[in-house]
1. Relative to the first principal axis of the alpha-carbon coordinates of chain A, what is the inclination of helix A:176-194, with its axis defined by its Cα atoms, in degrees from 0 to 90 and to the nearest 10?
2. Enter the mean number of other protein chain beta carbons within 10 Å of the beta carbon of each residue in A:190-196, as an integer.
3. Cβ under 15 Å from A:Met93's Cβ, A:Met93 left aside: what net charge do those residues give with Lys, Arg +1 and Asp, Glu -1?
4. What is the angle, in °, between the Cα long axis of helix B:24-46 and the longest principal axis of the Cα atoms in chain B? Nearest 10 is fine, range 0 to 90.
5. Compute the angle between helix B:178-191 and the longest alpha-carbon principal axis of chain B, please, reported from 0 to 90 degrees and rounded to the nearest 10.
6. In segment B:1-47, what chymotrypsin sites (Phe, Trp or Tyr not before Pro) fall in a loop by DSSP, with at most 13 other Cβ atoms inside 10 Å?
7. Convert each backbone phi in segment A:36-50 into a coupling constant with the Karplus relation 6.51 cos²θ - 1.76 cosθ + 1.60 (shift: θ = phi - 60°), then list the ³J(HN,Hα) values in order as whole Hz, x for Gly and Pro.
8. Share of Cα-Cα pairs in segment A:9-128 beyond 26 Å, in percent?
Amino acid sequence: MNDPRIARQWTTRLRLRVEGTFPPEKILPDTQPSYVASWIYVFGVLTLAALVMVIVTGCLLAIMGPTWWHVSGVGHFINSMHLWSVEVFFFAMVIHLWGKYFMAAWRGGRSMTWVTGAVTFLTSIGAAFTGYLSQTNFDSQWIATQAKDGINATGAGSVFNVLNLGQMLMWHIVLLPLVALGLTALHVILVRKRGVVPPFADVTEAVSA
Amino acid sequence: MTTRSFNPDVDVVEWTGAQRPYDILKEGTIAVVFVLIVVLTLSVLFGSPDDSPVTLKQWSNANPIDFATTAYQELAGTSAVAQYGAPYNSVPGTGQRIGPVSLVDLMGVTIPINTAQDFVLRPLATQLSVPAIATSLATWRHASASQQQTWLTNYGTHLPTTMHGAALVFTANDAGPVPSLIGGLTSMAQSGALDNALLSNSTSYYSTNYTEPLLFLSDGTYFAGLATTKHLAGDQWGMMNETGSFPGQAWLWLYTFLYQITPYATSPNADVLVWATMMLLSALVVFVPFIPGLRSLPRRVKLYRLIWRQHYRTSGR
């Protein structure tokens, strides 16, 4: 590192910054603060676990294509697992979100952790919605014809046509999962970086800003 | 660097107290296994719904009167889709508004649908090997607009309401080729040919765009009737449900709820008002950390004392 040209390299700068921000004990911690002792903390990791199940079952469905599950018992069962993974995912995520709200988990420079989590929640709603549209059955027909009016009224229907199966399938299996997974990764990285928010304390001294 | 007062809704005193063992990999593994067991159990016990899609063939065979009535409305330009406005067609005064702004009108017609051409005449043009259809289409196309309107009006005053065997009974006088066109389209639908014709209207071979068949389907009463029997109608909390006794998109409860209450339920701008409300509420959720009052509620509600009860008990607070 004596060569100043190496120190100025983008790669070197990035590595040093990552090493400084995320030392191994932050990425893979083996201790946590003693106040992290409530069942509410379980719902964050359960949300992640359910997301893993959603992705795995979705990938299995993708192998044989969008209509395979109508004609295959195995396919239908995997579709059932995909559905229930999504239900568990939202169940856990909503409890996680409310839990974090009542802990005011944005305190102490953690506002972006909250924001990325909340946007992931909204993105997931879109991902699930396009999933319902991609089922190629009665539900997808009905949901599409009902939802078009709301989306059209906003003007978004011009570029986001819920009646176009091909477009909705692409949003469901490519675009929205990319966004949701990217946001989830960022959310987890921020949690690891900042740690879990401490309890409220009766402190009134000035802080640097 | 400036200093400001400690704000308990924004600031924290970072923890320097005791730590306890935490095996993050073990926790993650247990969570995945637990969710896998839960998902497998639910899948075995309940499965997932899969009601077959409705086809125009199914509709026209199950209720040919409704189909023929809808086909007439498409040809006459009086159906819901024909009168929809943007993004399908240009109908003055249809765009929903928030105050003076109509976002849908600003975006304009981007998915053009001419119901007479796209749903009736163009599909029938694929059936020119049927002499009656070829003749009727030629008669229609060579007639003036006023003549076409006269035929449509005459037909509309005596819409078919009965069947003779599998055929519609037309009773309208001076309706020109309209009965033949509607009868031909109904026969075409009953054979299944209309499903394919509408799907391939906009492409030469491949298509994954079901806009036209779904819009045609949504104009009749048959499709909505089926949805109502499956508890999926708008006043039955519509699209957040799914067929059977499944939870559906329960997370859309607030969105669907708004459609059930005034002023949304009675407003001609209901859709855009519901969306605007949901966007506002979503923004509030996303930006909670920066909204005074909203970010103070957790501290005032004190549910955190339940979450961190062990901490407060041991710290004597």
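Values quoted throughout were computed directly from the atomic coordinates according to the rules given, and no laboratory measurement underlies them. None of these values were measured; they are calculated from a predicted model. Note that each Cβ is placed from the backbone with ideal geometry, even for glycine, and that neighbours are counted across all protein chains shown.
1. Long axis of A:176-194 versus the principal axis of chain A: about 20 degrees.
2. Details: counts 0, 0, 1, 0, 2, 2, 1.
Partner-chain Cβ atoms within 10 Å, mean over residues of A:190-196: 1.
3. 0
4. 40 degrees
5. 50 degrees
6. Values: sites: B:Phe6, B:Trp15, B:Tyr22, B:Phe34, B:Phe46; in loops: B:Phe6, B:Trp15, B:Tyr22.
Answer in residue order: B:Tyr22.
7. 7, 8, 7, 5, 4, 5, 5, 6, x, 6, 5, 4, 4, 5, 5
8. Numbers: 2988 of 7140 pairs.
Tail fraction, whole percent: 42.
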